[in-house]
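Since the structure comes first, as structure tokens, the remarks are kept for the end.
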Amino acid sequence: MALTNSANSFGAVSKTFHWLTALLILSLMPLGLIANEMPYDTSEELTRKAWMFSLHKTLGVAVFFVALARIGWALSQPKPGPMHPDRKAESLAAETVHWLLYGSLVAVPLTGWIHHAATTGFAPIWWPFGQTLPMVPKSEAVAATFAGAHWVLTKVLGLALLLHIAGALKHHVIDRDATLRRMWFGQTNLPATPAKHAHGAPIVAALALWALALTGGAALGVYAPHGGPATGPALAAVQSDWQVEDGALTLTVTQLGSEVTGSFADWTAAIRFDETVTQGVAGDVEVMVAIGSLTLGAVTAQAMGPDYFDASAFPTAIFAADILAAPEGYTAQGTLTIKDRSVPVTLPFTLVLDAGTAEMTGALSLDRRAFGIGDNMTDEGSLKFNVDVQVSLTARQAAAN
């Protein structure tokens, strides 16, 4: 069997690319569906789900490179003509489906890969070249956009694949011609076909179908971030001697060996502080945090669940502490209440004071088990016990009455 194509038959290289691609795609699709439906409530379940997603992603990257090689080879080779050149509409439809397949074989894994690179908290790709992509930032908006595009384009790929299979079976069973046989291995008696002429109409038709599908995805809202903050009433403003003008409250967890950093969008701080005190109690603070305002990458929805923060039953967390001044710096020493558990906590922080403005930065590490968060995650390989918390704010002293 010749390696290259001829005017009437496909060579061994083209046939190998065709069936290798088919095998990969028919493996990837069920893998993705199964992985999405698998539970992840325990360490063991999360490990299995991550393994399935890693397999899915790794095979997806393989499909991307196989598809590029296949397209490059196809462009360098003559393509046997249709068995029934007189059936213009059928030939146009078949060629359009081929372009849909070729394009989707690149676009589907590429959008999934970009989503993987842009998000935080993921099952890794099994290869030694890292998990990021050039010019792809860690961004929830980018991740959501390409996750939506991946979802839409998988539907286009699935439809094109079904049409391709249906067409091949129609040729083999109804027309009884050699269309399917000439893509199989071995020597067969193949009839001569007319020379294949390139036409732009199938490419235009395929582009139009992709544009229609992606536009439909926008109408369905599939490009919006998923698993975002839970809805709920905003926290009421609080009276404070020092009014917070700007700030950030973030946390970092380590899941499956990867750090995932998130932040709370809604929190308040009532601060009483006397900057003239240099030793002992210099004031107090009460911080209230809306748990449902947390965004934590790909695991936001998981974090809101009953096994973790249980945001629906415990919508707020409270940190009430005394502010202690000492020559070596400041600490906030008090109690942190999350869910129904209150735990003594000490937060060391730095403070820069300038003409009635205070800039504060602090960090501490908490053991999630002390608050009953993720008790079913007993293996630190799935979810580490320690959670790093960082807080920074700028506050201005309120005018005296």
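The values are calculated or read from the model by the stated rules, or taken from the named source; none is laboratory data. In this text, all values refer to a predicted model and were calculated from it rather than measured experimentally. We place every Cβ from the backbone using ideal geometry, glycine too, and count neighbours over all the protein chains shown.
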Exercise. May I ask you to verify whether residue 128 is over 16 Å from the mean Cα position of the chain (by Cα) and either over 27 Å from residue 203 (Cβ atoms) or at pLDDT 95 or above (or both)?
Key: yes
Quiz item: Do any residues in the stretch 120-147 that are closer than 21 Å to residue 225 by Cα have Cβ atoms under 7 Å from those of residues that are among the basic types (Lys, Arg) and part of a loop (DSSP other than H, G, I, E, B), where the two are at least six apart or on different chains, and which pairs are they?
Solution: 120/138
Quiz item: In the stretch 178-198, is there at least one residue being in contact (Cβ under 8 Å) with a residue 40 or more places away in the chain, assigned to a helix (DSSP H, G or I), under 28 Å from residue 40 (Cβ atoms) and not hydrophobic (A, V, I, L, M, F, W, C)?
Solution: no
Quiz item: Out of all the residues in the stretch 104-141, which are part of a helix (DSSP H, G or I) and not hydrophobic (A, V, I, L, M, F, W, C)?
Solution: 104, 109, 111, 112, 115, 116, 140
Quiz prompt | Unique match (being under 26 Å from the mean Cα position of the chain (by Cα), surrounded by fewer than 17 Cβ atoms within 10 Å (Cβ to Cβ) and either modelled with pLDDT of 95 or more or not small (Gly, Ala, Ser) (or both)) among 208, 248 | solution = 248
Quiz item: Taking the stretch 1-43 as the search range and keeping residues that are of a type in the set (Gly, Ala, Ser) and at pLDDT 90 or above, which one is farthest from residue 82 (Cα to Cα)?
Solution: 35
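Residue-wise test of (1) surrounded by 21 or more Cβ atoms within 10 Å (Cβ to Cβ); (2) modelled with pLDDT under 95; (3) touching a helix residue (DSSP H, G or I) at 6+ places or on another chain (Cβ under 7 Å); (4) outside the structural domain of residue 52 (by TED's automatic domain parsing).
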{"site": "105", "(1), (2), (3), (4)": "yes, no, yes, no"}
{"site": "109", "(1), (2), (3), (4)": "yes, no, yes, no"}
{"site": "124", "(1), (2), (3), (4)": "no, yes, yes, no"}
{"site": "132", "(1), (2), (3), (4)": "no, yes, yes, no"}
{"site": "146", "(1), (2), (3), (4)": "yes, no, yes, no"}
{"site": "152", "(1), (2), (3), (4)": "yes, no, yes, no"}
{"site": "161", "(1), (2), (3), (4)": "no, no, yes, no"}
{"site": "168", "(1), (2), (3), (4)": "no, yes, no, no"}
Practice problem: Restrict the check to the stretch 27-37 and report whether at least one residue is farther than 30 Å from residue 306 by Cβ and in contact (Cβ under 8 Å) with a residue 60 or more places away in the chain. | Solution: yes
Quiz item: Are any residues in the stretch 261-305 among the polar types (S, T, N, Q) and either assigned to a strand (DSSP E or B) or free of Cβ contacts under 8 Å to residues at least 40 places away in the same chain (or both), and if so, which ones?
Solution: 261, 263, 268, 276, 295
Self-check item: Every residue from the stretch 51-76 that is buried (at least 16 other Cβ atoms within 10 Å of the Cβ) and farther than 18 Å from residue 27 by Cβ
Solution: 73, 74
Practice problem: Could you tell me whether the stretch 324-347 includes any residue that is surrounded by 18 or more Cβ atoms within 10 Å (Cβ to Cβ), among the aromatic types (Phe, Trp, Tyr) and modelled with pLDDT of 95 or more? | Solution: yes
Quiz item: Does any residue in the stretch 75-94 that is assigned by TED's automatic domain parsing to the domain that holds residue 209 come within less than 8 Å, Cβ to Cβ, of a residue that is loosely packed, with under 13 Cβ neighbours inside 10 Å and aliphatic (A, V, I, L, M) six or more places away or on a different chain, and which pairs are these?
Solution: 81/195; 92/201
Quiz item: So which of 321, 317, 358 ends up being touching a helix residue (DSSP H, G or I) at 6+ places or on another chain (Cβ under 9 Å) and in a strand (DSSP E or B)?
Solution: 317
Quiz item: Which one of 256, 324, 351 is touching a Ser or Thr at 6+ places or on another chain (Cβ under 7 Å) and over 30 Å from residue 125 (Cβ atoms)?
Solution: 324
Quiz prompt | Any chance residue 332 is assigned to a strand (DSSP E or B) and either of a type in the set (Phe, Trp, Tyr) or touching a residue at least 40 places away in the same chain (Cβ under 8 Å) (or both) | solution = yes
Practice problem: Evaluate the following for residue 231: is it under 27 Å from residue 87 (Cα atoms) and either touching a Gly at 6+ places or on another chain (Cβ under 9 Å) or modelled with pLDDT under 75 (or both)? | Solution: no
Quiz item: Any idea which of 17, 10 is closer than 20 Å to residue 163 by Cβ, among the hydrophobic types (A, V, I, L, M, F, W, C) and in a loop (DSSP other than H, G, I, E, B)?
Solution: 10
Exercise. Please go through the stretch 362-393 and pick out each residue that is among the polar types (S, T, N, Q) and either within 26 Å of the chain's Cα centre (by Cα) or surrounded by 15 or more Cβ atoms within 10 Å (Cβ to Cβ) (or both).
Key: 376, 378, 382, 386, 390, 392
Quiz item: Filtering the stretch 348-361 down to residues that are small (Gly, Ala, Ser) and touching a residue at least 40 places away in the same chain (Cβ under 8 Å), which residue is surrounded by the most Cβ atoms within 10 Å (Cβ to Cβ)?
Solution: 358
